[in-house]
Structure formats: C-alpha cells, structure tokens
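K.L.:
Below is the structure I would like to discuss, written out as structure tokens.
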Amino acid sequence: MISHEEIESRVSGHSSRFICTANHGFAPYAQEELRRKFGSVKSTVLVPGEIFLGTLDVSVGEATERLRMEQPIFLRHIFPVQYQIGIVNGDKENAMEQLVACLKHLHELHDAHVTVQARKASHQCWDGTSNDLKEAVQMGISDVVKEFVVKDAERIVSVLVTENAMFTGISAPRDNLSDWNGGAVRFQKEEGQISRAKFKLLEAEKVFGIDFASFRDALDIGAAPGGWTSFLLERGLRVTAVDPAKMHPSLMASERLTYLQKNADSVKFRDNQFDLLVCDMSWSPKLTAKLVTGLLYSLSPGGTAVVTVKLLSKKPLALIKEVMDTFENAHMQIQRAKQLFHNRDEITLYMIKY
Ligand SMILES: C[S@@+](CC[C@H](N)C(=O)[O-])C[C@H]1O[C@@H](n2cnc3c(N)ncnc32)[C@H](O)[C@@H]1O
C-alpha cells in the first residue's frame with residue numbers, strides 16, 4: 001500500500017495519477033492519446049481494454065486543463081487519484097474505513113454539495129452493487145459534506161474498487177471530462193423506441209451541447225430503421241430520410257418526413273436546402289466521408305453535421321485524421337471528434353460548415 005503522504009506529495013508536485021476510462025477495447029488508444037499529449041505516461045491496467053491508472057509528469061491542474069482545452073477522442077472519463085488504499089487479506093471493510101478517513105481529510109469536501117460516483121472493477125471485488133458501494137461511502141462522509149446531490153454538484157467524490165485496492169479522489173465535475181459516473185451516459189429505453197441508435201444522437205445532444213430544436217430542415221443519410229429520424233421529428237424538425245432499407249412504419253404518418261428509399265449516391269437536392277445533416281451509415285469510413293462531402297452543397301453555410309465514423313482499421317487514430325482532413329478540405333470545421341459511450345466501433349464527428 002502506498003502511504004497517504006506519498007500520494008499527496010505526488011498530487012501536489014509535478015506528477016499526477018488518474019483513473020482513466022475508455023469504451024471497452026479502446027483503452028490502448030486512450031493511452032496513446034495521453035502519450036501524444038503529455039509525453040511519457042506510466043499505465044497500469046485495472047480492467048483490460050477499459051480502465052487504467054495513468055501517471056503523468058504534470059500536475060493534476062495542468063493535466064485537467066490541457067485535456068479540457070483539447071478534448072481527447074477515446075479517453076472518456078478521468079478522475080484524479082488522491083488516495084490508494086490497499087485491500088489487505090481481503091479485508092474490504094477495513095479498507096473502506098481507511099478510505100472514508102482519508103476523504104474526510106480533504107478540505108474541498110467540507111460543506112460542499114457532493115455527488116459520490118462509485119464503480120467496481122469486477123463483480124467479485126465488492127459484495128453488493130455499485131450503488132451499495134456508493135451508499136457505504138456516503139454514509140462514511142455524511143457528517144462533513146453539506147448535501148449529497150444528483151445534479152449540479154460542486155465536488156465529485158470518485159471511488160473505484162479493484163480486487164486489491166480502492167482508489168479515490170475529489171474533483172470538480174468539469175475536470176473529469178464527463179460528469180457521468182465513468183463517462184457512462186445512460187438513458188431509459190422508451191416504449192416503442194425504434195432503435196438503440198437513437199441513444200447516440202441523444203448523447204451527442206448532451207455531450208456536444210447541440211440544440212437540435214434550433215434547426216428546421218434535416219437530411220438523415222442512412223436513416224433506417226429511423227431512430228435518428230424519430231429523434232429529429234420529436235425536436236420539431238422537417239426530415240428528409242435517405243436509405244434503401246425500409247423505415248419503421250410508425251414514422252410514415254408524419255407530415256414532416258420525406259422518405260427517399262434510395263442509395264445516398266443517387267439523390268439530388270437544392271443548394272443550401274438543409275441546415276442540419278446527420279449520417280449514421282455504418283459503412284467504410286473513407287467512402288462515407290466521400291459520400292457525405294459530395295452532398296455538402298445541400299447544407300447551408302453555418303449548418304451543422306453529425307456523422308458517425310466506423311473504425312474498421314487497426315490504426316484508428318491515423319484513419320480518423322484522414323477522415324477529418326477530408327471534411328476540413330470540404331469547408332467543415334470540426335467542433336468535436338469523440339467516441340461516445342453509445343458508439344461501438346465508431347466515433348462521432350460534430351462539424352459546422354463555413
Ligand atoms: C446503423 S443503420 C442506421 C441506423 C439509424 N441511424 C437509426 O437511428 O435507426 C445504417 C443504415 O445505413 C444504410 N446505408 C448503408 N449504405 C447506404 C448508402 N450508400 N446510402 C443510404 N443508406 C445507406 C443501411 O441501409 C442502414 O439502414
């Protein structure tokens with residue numbers, strides 16, 4: 001076990017430790033992003049392909065500031081590690097007592113509105129659910145915090161329990177890259193929801209802060225069965241949906257929907273006809289970029305595009321750069337490139353035409 005003093009000195013000095021999370025299988029790319037940004041990064045894998053402990057040669061403040069200014073694509077969530085408590089001889093209760101005592105030392109916690117976010121690295125490492133774990137932490141620190149809140153916390157207390165250690169740290173929500181626990185943005189499945197793909201656009205709305213209701217005319221390329229189209233119709237837009245496959249029957253009654261049952265390479269529109277273009281084709285990324293740039297004449301200047309890019313390559317970072325270059329050469333300014341929680345083997349590009 002590393003002593004509290006040792007951890008604290010690391011945190012306040014020119015090095016910092018973070019629990020870093022990416023979508024399953026994409027942690028190696030998140031590690032590469034950190035290496036490119038900060039030079040040497042020491043990594044210890046905690047959940048293969050997904051969660052690692054990263055040590056950076058910069059302070060917590062500098063690391064979070066630089067990550068916030070230039071957001072990574074694959075690194076979904078971070079929290080600073082202020083304390084690492086070893087679980088000795090499997091005695092988790094004792095480790096929890098130590099963790100609570102350590103947290104109470106941190107003055108940022110005192111009299112603050114706090115959210116506790118707790119995760120388990122595997123089923124075995126804590127008897128009970130993640131919610132039970134969260135409640136155990138809350139109970140321990142309830143006498144020093146002002147209030148536990150679900151929204152608008154001043155401080156987030158993060159806890160990750162592995163087989164042999166508990167990691168914890170306190171941060172402002174904006175310093176964690178995502179204010180959701182581990183960056184896992186969860187939505188309730190609605191009754192009659194047409195596809196899970198809808199969650200990707202819901203998440204893009206939240207994470208990128210896109211006000212979809214502010215658009216009027218959307219082009220949805222690769223629209224079937226219609227999850228994204230249904231979302232845009234719900235936001236009050238007129239939607240032109242293009243797909244050779246069938247749209248869900250429940251959408252067809254909408255007067256604001258124009259459905260072209262065609263391949264996207266054989267459709268023609270007016271110049272500047274749309275102020276929003278979305279594309280979720282699950283297709284070759286380079287061909288998708290070529291096809292979408294070929295339709296950009298129909299997007300008005302200042303218009304927004306949201307495009308998913310499949311990562312079919314063993315070198316996703318190089319592929320993403322190539323695809324982004326294609327869009328940038330077509331007068332698209334990339335606002336964000338991000339692997340959203342609901343993206344599988346893909347990322348989402350949010351762009352504005354200039
Ligand atoms: C992942 S699904 C889209 C899901 C959709 N966003 C939703 O929310 O329901 C991909 C769709 O892209 C369509 N597609 C693939 N290539 C296409 C092309 N060249 N032109 C138009 N649609 C295409 C497929 O037919 C398929 O329906």
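The values are calculated or read from the model by the stated rules, or taken from the named source; none is laboratory data. Note that the coordinates shown come from a computational prediction; the quantities given were computed from them, not determined experimentally. Glycine gets a Cβ as well: all are built from the backbone with ideal geometry, and neighbour counts include every protein chain shown. Remember, those area values only see protein heavy atoms, side chains included, never the ligands or the DNA or RNA. Shrake-Rupley method; radii C 1.70, N 1.55, O 1.52, S 1.80 Å.
K.L.:
Would you mind calculating the gained length between His14 and Met252 on full extension (0.36 nm times residue separation, minus the Cα-Cα distance), in nm to one decimal?
P.N.:
That works out to 79.7 nm of additional length.
K.L.:
When the helix-only estimate is applied to the chain (DSSP H runs of n ≥ 4, each -39,500 (n - 2.57), divided by the residue count), what is the mean residue ellipticity at 222 nm, nearest 500 deg cm²/dmol?
P.N.:
One gets -8500 deg cm²/dmol as the mean residue ellipticity at 222 nm.
K.L.:
Now, a different point. Considering Cα pairs under 8 angstrom that are at least six residues apart, work out the relative contact order of the stretch 126-201 and quote it in whole percent. Walk me through the numbers before you get to the answer.
P.N.:
Details: 34 pairs, mean separation 12.7, N = 76.
Rounded, it is 17 percent for the stretch 126-201.
K.L.:
Okay, next question. Rounded to the nearest whole Å³, what is the per residue volume of the convex hull around the Cα atoms of the stretch 4-183?
P.N.:
Convex hull of Cα atoms, per residue: 106 Å³.
K.L.:
Additional query: Go through the stretch 201-211 residue by residue and turn each phi into a ³J(HN,Hα) via Karplus (6.51, -1.76, 1.60, θ = phi - 60°); whole Hz please, and just put x for glycine and proline.
P.N.:
Result, ordered by residue: 6, 4, 5, 4, 4, 6, 6, 8, x, 8, 8 Hz.
K.L.:
Now, a different point. At 1.4 Å probe size, what's the solvent-accessible area of Glu62? Round to the nearest 10 Å².
P.N.:
Rounded to the nearest 10, the figure is 80 Å².
K.L.:
Further question: Rolling a 1.4 angstrom probe over the protein chains, ignoring ligands and nucleic acids, what is the accessible area of Tyr83 in square angstrom, nearest 10?
P.N.:
Solvent-accessible area, nearest 10 Å²: 0 Å².
K.L.:
On a C-alpha basis, how far is the centre of the stretch 16-60 from the centre of the stretch 274-318 in Å? Whole number, if you could?
P.N.:
The stretch 16-60 and the stretch 274-318 have Cα centres separated by 29 Å.
K.L.:
I've got another one for you. Residue by residue through the stretch 34-49, which ³J(HN,Hα) values in whole Hz follow from phi under the Karplus form 6.51 cos²θ - 1.76 cosθ + 1.60 (θ = phi - 60°), with glycine and proline marked x?
P.N.:
Each residue's phi maps through the Karplus curve to give 5, 4, 5, 7, 10, x, 5, 9, 8, 10, 10, 6, 10, 10, x, x Hz.
K.L.:
Accessible area, 1.4 Å probe, largest first: how do Met252, Met96 sort?
P.N.:
Greatest to least solvent exposure: Met252, Met96.
K.L.:
Amide H neighbours of Gly303 under 5 Å, counting only residues 5+ apart in sequence or on other chains, H built in-plane at 1.01 Å?
P.N.:
Lys353
K.L.:
Please give me, ordered by residue number, the GluC sites (Glu not before Pro) of the stretch 249-354 that lie in loop per DSSP and have at most 10 other Cβ atoms within 10 Å. Present the calculation step by step, with values, prior to reporting the outcome.
P.N.:
Details: sites: Glu255, Glu322, Glu328, Glu346; in loops: Glu255.
Loop-located and lightly packed - Glu255.
K.L.:
If you don't mind, another one. Determine the per residue accessible area of the stretch 198-353 with all protein chains present and a 1.4 angstrom probe, expressed in square angstrom.
P.N.:
44
K.L.:
On a C-alpha basis, how far is the centre of the stretch 68-82 from the centre of the stretch 198-241 in Å? Whole number, if you could?
P.N.:
27
K.L.:
Whole-Hz ³J(HN,Hα) for each residue in the stretch 134-151, computed from phi via Karplus 6.51 cos²θ - 1.76 cosθ + 1.60 with θ = phi - 60°, x for glycine and proline: what do you get?
P.N.:
Values per residue, Gly and Pro as x: 4, 5, 5, 5, 4, 4, x, 10, 4, 6, 9, 7, 6, 7, 8, 10, 9, 10 Hz.
K.L.:
With the dipole of the chain worked out from charges on the C-beta (+1 for Lys and Arg, -1 for Asp and Glu) around the Cα centre, which of Ser313, Leu56, Thr348 lies farthest toward the positive end?
P.N.:
Checked the options; the winner is Ser313.
K.L.:
How would Arg196, Arg17, Arg336, Arg66 rank on accessible area, largest to smallest, probe 1.4 Å?
P.N.:
Arg196, Arg66, Arg336, Arg17
K.L.:
How about the stretch 103-181: which GluC sites (Glu not before Pro) there lie in a loop by DSSP and see at most 13 other Cβ atoms within 10 Å?
P.N.:
Those satisfying the criteria are Glu163.
K.L.:
Using a 1.4 angstrom probe with every protein chain in place, what is the largest-first accessible-area order of Glu93, Glu33?
P.N.:
From most accessible down to least: Glu93, Glu33.
K.L.:
Please list the radius of gyration and Dmax for the chain, considering alpha-carbon atoms only, with Å as the unit.
P.N.:
Taking only Cα atoms of the chain, I get Rg and Dmax of 22.6, 70 Å.
K.L.:
Okay, moving on. Relative to the longest principal Cα axis of the chain, at what angle does helix 285-294 sit, 0 to 90 degrees, rounded to 10?
P.N.:
The angle comes out near 50 degrees.
K.L.:
Then there is this: What does the accessible area of Lys286 come to, in Å² to the nearest 10, when a probe of 1.4 Å is used?
P.N.:
110
K.L.:
Under a GNM of the chain (C-alpha, springs under 10 Å), which listed residue has the highest mean-square fluctuation: Pro244, Pro28, Pro173?
P.N.:
Maximum fluctuation in the GNM of the chain, among the listed residues, is at Pro244.
K.L.:
If you don't mind, another one. With a point put 7 Å past each Cα toward its Cβ, work out how far Glu234 is from Gln124 in nm, to one decimal.
P.N.:
Simple spin-label model gives 4.1 nm for this pair.
K.L.:
A follow-up question, please. Based on the alpha-carbon gyration tensor of the stretch 83-126 and its eigenvalue square roots a ≥ b ≥ c, which shape applies: rounded if a/c is under 1.5, prolate if not and a/b is larger than b/c, or oblate? Before the final figure, lay out the partial values.
P.N.:
Details: a/c = 3.23, a/b = 1.62, b/c = 1.99.
In terms of gyration-tensor shape, oblate.
K.L.:
Please check: in the Gaussian network model of the chain (C-alpha springs, under 10 Å), which one of Asp220, Asp132, Asp275 has the largest mean-square fluctuation.
P.N.:
Asp132
K.L.:
Given points 7 Å out from each Cα along the Cα-Cβ axis, report the Glu97 to Glu163 separation in nanometres with one decimal.
P.N.:
Using points 7 Å along Cα→Cβ, the separation is 2.6 nm.
K.L.:
Ok, one more. Quick one: which residues, 5 or more positions from Gln335 or on another chain, have an amide H under 5 Å from its amide H? H modelled 1.01 Å from N in the peptide plane, none for Pro or chain starts.
P.N.:
Here Tyr350, Met351, Ile352 satisfy the definition.
K.L.:
Classify the stretch 198-353 as rounded, prolate or oblate, taking a ≥ b ≥ c as the square roots of the eigenvalues of its Cα gyration tensor: rounded when a/c is under 1.5, otherwise prolate if a/b is larger than b/c and oblate if not.
P.N.:
rounded
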